[in-house]
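Report on the following structure.
The values are calculated or read from the model by the stated rules, or taken from the named source; none is laboratory data. Since the model is a prediction, treat every value here as computed from it, not as a measurement. Positions of Cβ are backbone-derived with ideal geometry, glycine not excepted, and every protein chain shown enters the neighbour counts.
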Ligand code: ADE
Ligand code: ZN
């Protein structure tokens, strides 16, 4: 099973580039940029990664971004992530970035964009891993701030495949961003939104009906609403589930209680992703392995998860067909 997981061509559809900042890298950027860190060591920082809920994580996650200052920092951050996951058999990744967490500190949109883009282009050439970028709006900020950010993104719209919605979910319903999502769609951008991570099933309904999303990020709380599940199944709506994240943020007491298997069995188009791997104890392979072990996922489940990711990705039909065929080939030529 471990070998199947390793060899499966994997697609990561839910990862925040700022959430790939490893503690040792954080310290080295801090030294280089003369930014002070309030932890004495890498170990002390790592041991602070014990979260009660989403907000307790976000507080540290935004604090960590302070060390990202120059284009080279964003380049190295993205390159390190891409190298790691290419080694794990990830062939395609769709990466979130939070421009407001940088522009609010005086870092220009272009610094962030140029650094990340340089890494994506280089990684495609040297590692053979393809990528897309998704600009996320911070939902704890207001609509005007999101519109200002979309304006800053204008010169780069051909380098962004879509927009997303992240940060503190409770109290910040998708409806707050209906107009910015409409504006982004009219600019040809696809839309996704974090919903039903900590927030209620109603936020998933709103993401579908008001934001017209192509995917729901997390969506694990959909199981509380049967008619919502029916709708998600009938629309084959992808859900980018992040198992280690859900456990580390206290969504479920431990992996054996994670609903991923239940979701698969209900026919939901579930995918496995890492969210913020540097904070939650694992990248793609670790997310697959820990759910497989805890939930007793079968080979069929793993293969289904592989096909689901291919089906859910923002890629061409040609690439989709090729990847489906690669997975089928893996299954048919394998004693598993
Ligand atoms: N930003 C980074 N990770 C996030 C998560 N899991 N939920 C909401 N916003 C985030
Ligand atoms: Zn996320």
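Limited to the stretch 277-297, what total is found for residues that are assigned to a loop (DSSP other than H, G, I, E, B) and within 18 Å of residue 95 (Cα to Cα)?
The number of residues fulfilling the criteria is 2.
Picking from 101, 56, 110, which residue would you name as being closer than 18 Å to residue 141 by Cβ and assigned to a helix (DSSP H, G or I)?
Residue meeting the stated conditions: 101.
Being in contact with a helix residue (DSSP H, G or I) (Cβ under 7 Å, 6 or more places away or on another chain), surrounded by fewer than 20 Cβ atoms within 10 Å (Cβ to Cβ) and part of a helix (DSSP H, G or I) is the filter here; which residues of the stretch 175-192 pass it?
175, 176, 179, 183
Looking only at the stretch 122-154, count every residue that is part of a helix (DSSP H, G or I) and in contact with a helix residue (DSSP H, G or I) (Cβ under 8 Å, 6 or more places away or on another chain) and tell me the total.
Total satisfying the criteria: 11.
Sort out for me the helices (runs of 4 or more DSSP H) sitting completely within the stretch 193-260 that have 2 or more residues that are in contact with a helix residue (DSSP H, G or I) (Cβ under 8 Å, 6 or more places away or on another chain) and closer than 19 Å to residue 140 by Cα.
Helices (runs of 4 or more DSSP H) meeting the threshold: 201-209.
State whether the residues of the stretch 242-264 include one that is surrounded by fewer than 16 Cβ atoms within 10 Å (Cβ to Cβ) and touching a strand residue (DSSP E or B) at 6+ places or on another chain (Cβ under 6 Å).
No, the stretch 242-264 contains no residue that is surrounded by fewer than 16 Cβ atoms within 10 Å (Cβ to Cβ) and touching a strand residue (DSSP E or B) at 6+ places or on another chain (Cβ under 6 Å).
From 85, 67, which residue is buried (at least 17 other Cβ atoms within 10 Å of the Cβ), more than 15 Å from ligand 1 (Cβ to nearest atom), within 26 Å of residue 254 (Cα to Cα) and modelled with pLDDT of 95 or more?
Result of the check over 85, 67: 85.
What number of residues in the stretch 46-64 are under 15 Å from residue 23 (Cα atoms) and buried (at least 19 other Cβ atoms within 10 Å of the Cβ)?
Of the residues in that region, 3 qualify.
I need the full set of residues from the stretch 130-160 which are farther than 22 Å from residue 174 by Cα and surrounded by 20 or more Cβ atoms within 10 Å (Cβ to Cβ), in order please.
Hit for the stretch 130-160 is 131, nothing else.
Looking at the stretch 195-223, which of the residues that are on the phi > 0 side of the Ramachandran plot and within 16 Å of ligand 1 (Cβ to nearest atom) is nearest to the chain's Cα centre (by Cα)?
So the residue we want is 218.
Looking at this structure, is residue 62 under 28 Å from residue 271 (Cβ atoms), within 16 Å of ligand 1 (Cβ to nearest atom) and part of a loop (DSSP other than H, G, I, E, B)?
no
Considering the stretch 286-318 alone, what residues qualify as being surrounded by fewer than 15 Cβ atoms within 10 Å (Cβ to Cβ) and under 20 Å from residue 269 (Cβ atoms)?
298, 299, 300, 316, 317
Do you know which residues across the stretch 198-219 are buried (at least 24 other Cβ atoms within 10 Å of the Cβ) and under 18 Å from residue 58 (Cβ atoms)?
203, 217, 218
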